[in-house]
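Colleague: This structure is in structure tokens; I'll ask about it shortly.
Laboratory data are not the source of any read-out in this text; all were calculated from the coordinates shown. A quick note: this is a predicted structure, and the numbers were derived from the prediction, not measured. Neighbour counts run over all protein chains shown; Cβ positions are idealised from the backbone, glycine included.
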Amino acid sequence: MFTPQQKRALLIGFGLILVVATILVLIWLGMFLPGFAGEVFRKMAGMMWTPGVLDFSLFLLGIILIFSLNMFIRARKGDEYVYLEQVEDPPTDLPEEARSAIFHEAPDPESLRPSLAAIEGALELNDLSEATSLLFELPSDQLEEPDVLALRIALAHRKGHHRKADDLLEQLRVKSPQHPLCENSRGTSPAD
């Protein structure tokens, strides 16, 4: 009838209600104690059962319990705040599970990764016009980055502009000599 998580939540809820009820019953039973202790419990019970104070104290107790449970759950499971990225106007053949992605850390707003991934995808599909248009959409100050240069080299080779590819490879060697494309092409022209 109930899932294990629902059973656990119900047990915790009933346990909290039982604890609050036990405290209230103990205060009520404390009124029958003789002497000063009984007098303190009678005053406390009288104040608690006053209509305005009873409502406010139960409301305050409920808020304290909710916040305490929330802090405990967050400390145990971590923050539930996530970043959701969705594909706008997805193609009809794109599966439902591929239309969105959940990230637990904030995406870097200046990151080129999504744009570079799109350019790589266009190159894999041999859609050179799309790869070129995506390259034109990149900020001009990012065109000299090593990863962007590597994609520009691949695009130039695919289009048959080998001299432009060699010039870009030289720029890449100056900018990032340890880049894998520079190490693979020492002494030879890179072929894609």
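Colleague: Based on the Cα atoms of region 4-77, what semi-axes does the equivalent ellipsoid have, where each is the square root of 5 times one gyration tensor eigenvalue, given in whole Å with the largest first? Walk me through the numbers before you get to the answer.
Modeller: Numbers: eigenvalues 187, 40, 22 Å².
Over the Cα atoms of region 4-77, the semi-axes work out to 31, 14, 10 Å.
Colleague: Determine one quarter of the surface area of the Cα convex hull of the chain, which equals its mean projected area, and express it in nm² to one decimal. Before the final figure, lay out the partial values.
Modeller: On the way: hull surface 88.1 nm².
The directionally averaged projection comes out at 22.0 nm².
Colleague: While we're here: So if R0 is 30 Å, what FRET efficiency would residue 74 and residue 21 give, r being the distance between their Cβ atoms, rounded to the nearest 0.05?
Modeller: Working: r = 27 Å, r/R0 = 0.90.
Efficiency, rounded to the nearest 0.05: 0.65.
Colleague: Cα centroid distance between region 118-170 and region 30-61, in Å?
Modeller: 77 Å
Colleague: Moving on to the next point. Taking the 0 to 90 degree range and rounding to the nearest ten, how far is the long axis of helix 162-175 tilted relative to the main principal axis of the chain, both from C-alpha atoms?
Modeller: Between the helix axis and the principal axis of the chain, the angle is about 50 degrees.
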